[in-house]
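The values are calculated or read from the model by the stated rules, or taken from the named source; none is laboratory data. None of these values were measured; they are calculated from a predicted model. Counting neighbours? That spans all protein chains shown, and the Cβs are built from the backbone with ideal geometry, glycine included.
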Amino acid sequence: MGNSDSSGEIGRSIRVLIADNHPMGAQLLADALRRSHRFGSVLATHRAADVAARLTDGPLDVALVSADFEGELGRGLRLAQEIQIASSDTKVVMLLDIPDRDSVVQAFRAGCHGVFCRARSAKELPKCIACVHAGQIWANSEELAFVLAALREPQPLRVVNSTGVPLLTKRELAVVQCVAEGLTNREAAAQLNLSEHTVKNYMFRIFDKLGVSSRVELILYVASQLQSEPGFNSGKHPSEVLGNAPGSVSTH
């Protein structure tokens with residue numbers, strides 16, 4: 001991560017919330033930040049309800065969130081997104097037990113500005129928080145390599161309802177992918193090794209499930225789904241779904 005002599009000055013007014021799965025862990029991390037004498041306020045919690053309440057109390061600059069929050073796998077990822085929806089100015093750092101590829105990539109796809117591993121020294125945490133607050137991305141070279149590799153891999157198209165439940169089968173999604181790529185029914189049939197009649201039947205079922213009546217409406221529906229994805233890029237065709245790319249990246 002890039003070093004900055006001004007990070008101490010920046011940190012003096014930072015308001016931080018630590019949401020850890022373990023009450024003791026949350027308190028220990030909060031104490032590590034308080035000892036640095038660089039932060040305006042540091043709060044710690046192990047409950048999502050407290051996070052929501054804190055966001056309504058006033059501006060929050062940085063939130064450090066445990067990936068597996070409240071004992072639920074992946075709850076921290078959803079909490080990170082909820083925080084950013086409630087307060088767009090709040091930057092989130094994901095606290096990971098193990099910085100494996102999937103965990104790191106999922107954190108950045110959820111909109112996080114950095115990842116911090118529990119195995120690292122607590123002395124590095126103040127610098128991490130200050131750098132993220134200053135607009136930098138906190139990731140070491142290996143973690144950054146995970147993200148860059150993910151950006152080169154197209155993600156599967158997802159069509160879900162408001163609760164995240166898939167609306168289409170895998171085969172129906174494959175047909176939608178062909179439509180998003182601009183293929184005709186005949187071309188889609190050839191690509192999927194189906195008859196053109198079968199593709200037409202799939203199209204009717206897809207239209208019925210999604211409440212659309214034309215290929216244009218279907219493409220617009222897909223586009224709206226992609227805009228709600230953490231990795232949406234407005235410069236991409238609807239068939240190109242990539243992970244969330246950090247705007248300004250440096251490594252530590």
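Quick look at the numbers
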quantity	calculated
Matching residues, the range 28-49, being assigned to a helix (DSSP H, G or I), touching a residue at least 12 places away in the same chain (Cβ under 8 Å) and over 16 Å from Glu124 (Cα atoms)	Ala48
Residue within the range 35-43 that is of a type in the set (Gly, Ala, Ser) and on the phi > 0 side of the Ramachandran plot present	no
Subset of the range 117-134 (residues that are crowded, with 23+ Cβ neighbours inside 10 Å and either free of Cβ contacts under 8 Å to residues at least 60 places away in the same chain or of a type in the set (Gly, Ala, Ser) (or both))	Ala130
Top-ranked residue in the range 64-97 [being under 19 Å from Glu124 (Cα atoms) and surrounded by fewer than 23 Cβ atoms within 10 Å (Cβ to Cβ); ranked as modelled with the highest pLDDT]	Leu96
Subset of the range 107-141 (residues that are part of a helix (DSSP H, G or I) and over 23 Å from Glu82 (Cβ atoms))	Ala122, Lys123, Glu124, Pro126, Lys127, Ala130, Cys131, Ser141
First in the range 87-99 and under 15 Å from Gly74 (Cα atoms), second anywhere and crowded, with 24+ Cβ neighbours inside 10 Å and among the acidic types (Asp, Glu), Cβ under 8 Å, 6 or more apart	Pro99/Glu143
Test: Glu187 is modelled with pLDDT of 90 or more, under 18 Å from Asp102 (Cα atoms) and out of contact with any strand residue (DSSP E or B) (no Cβ under 8 Å at 6 or more places or on another chain)	no
